Amino acid sequence: MTTIPVGILCVAVLALGQAEPAGEKPGGLYVKLAGMGVLQMDSDLASVGGVPLNATLEFDMGYGVQAGVGYTYAGESPWSLSLELEYAFRTAQLDVLSAPPLTLPAAGTQATHSIMLNALGSVDIIEGFGLYGGLGVGMAITQSDLVLDLGGGMMLTFPADEDLTFCWQVVGGVQYAIGRHVMLFGGLKYFDAGEVGFNAFGGKNRSLGVEAGLRVYF
C-alpha cells in the first residue's frame, strides 16, 4: 500500500537533490520516511491461559514502517547531531509455540505502535557518505492475539489484547547525502518494549529491524 507514495516521493527528492551542489551538507528541519524488515525475537512465556508453562513463542519475519520529523545541527565539522520525534509500526505473524517436548502451530499477529524521541549523531567519511548512530526512548502499545492448534481439529483461541510499556532502541548505519536537501540512509535498529503483559499470556517484545529510507530537509 505504501509503494506508490514512496516511489513518487523518491522521484521528487532525487530530482530536487540533482539541482543542488553535491558537496553541500544537509542540515535544519527535516521529515523522514522509512521501511523495515523486522525480525521479531522469540518471546518466553511463563503461562498461557493461567496455566504455568515453560514455553517460547516464535514469529515469522515481519515488516514495519516509520515516519518522523526532526532537526539536524550541522556545522563546518564532519560531525552532526539530530533530534527527532518518530512514529513506527512493526508487525509479525505468530508461527509456533514451543513447549518441549511439544511444539504447537500458532496463529495470530503481534503489532507494535511506538512514539519515540531519538538522538542521532553522524560523521562524514568521504564526500556525501557518512555513518550515523544513536538512541531513542518512548512508549509503545503492543497488540496481539493468539490461536493454538491442539490437533484433531481442536483450536484454543485467546482474544486480542494490548499493553502500554516503556520502550527504547539503538540504531546505526550508513547514509548518503544528495545535495543539501536529501539524505538516504540504511542500517540496523534494535527495539525493546520490555515485558508485555496480556490477560491470557505475555512475554518480551524485542525485535531487530533492517531500515532503509530518506530524510528530506527544508
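The values are calculated or read from the model by the stated rules, or taken from the named source; none is laboratory data. Because the structure is predicted, anything quoted here is derived from the model rather than measured. Neighbour counts are summed over all protein chains in view; Cβ atoms, including those assigned to glycine, are modelled from backbone coordinates with ideal geometry. With ligands, DNA and RNA removed, areas are computed over all heavy atoms of the protein, side chains included. Shrake-Rupley method; radii C 1.70, N 1.55, O 1.52, S 1.80 Å.
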query = Within the range 202-212, is there a residue that is under 18 Å from Gly62 (Cα atoms) and of a type in the set (Val, Ile, Thr)?
reply = yes
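Every residue, every condition in (1) at pLDDT below 95; (2) under 15 Å from Ser43 (Cβ atoms); (3) more than 22 Å from the chain's Cα centre (by Cα), yes or no:
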residue	(1), (2), (3)
Pro105	yes, no, yes
Gln110	yes, yes, no
Ile125	yes, no, yes
Leu131	no, no, no
Asp145	yes, yes, no
Leu150	yes, no, yes
Phe158	yes, yes, yes
Phe166	no, no, no
Val171	no, no, no
note = Scanning the range 118-135 residue by residue, those free of Cβ contacts under 8 Å to residues at least 60 places away in the same chain and within 18 Å of Leu214 (Cα to Cα) turn out to be Asn118, Ala119, Leu120, Gly121, Ser122, Val123, Phe129, Gly130, Leu131, Tyr132, Gly133, Gly134
key: Residues (touching a Leu at 6+ places or on another chain (Cβ under 7 Å) and open to solvent by 20 Å² or more (accessible area, probe 1.4 Å)) located in the range 59-77   = Phe59, Met61, Ala67, Val69, Tyr71, Tyr73
remark   = If we ask which residues in the range 171-201 are touching a Ser or Thr at 6+ places or on another chain (Cβ under 9 Å) and open to solvent by 20 Å² or more (accessible area, probe 1.4 Å), their number turns out to be 7
task = For the range 17-35, state whether one or more residues are farther than 22 Å from Gly172 by Cα, surrounded by fewer than 16 Cβ atoms within 10 Å (Cβ to Cβ) and modelled with pLDDT of 65 or more.
result = yes
The range 83-99: number of residues that are among the small types (Gly, Ala, Ser) and open to solvent by 10 Å² or more (accessible area, probe 1.4 Å) = 2
note = Checking Leu117, Leu148, Leu156 in turn, the sole residue that is of a type outside the set (S, T, N, Q), under 24 Å from Ala92 (Cα atoms), assigned to a strand (DSSP E or B) and open to solvent by 90 Å² or more (accessible area, probe 1.4 Å) turns out to be Leu117
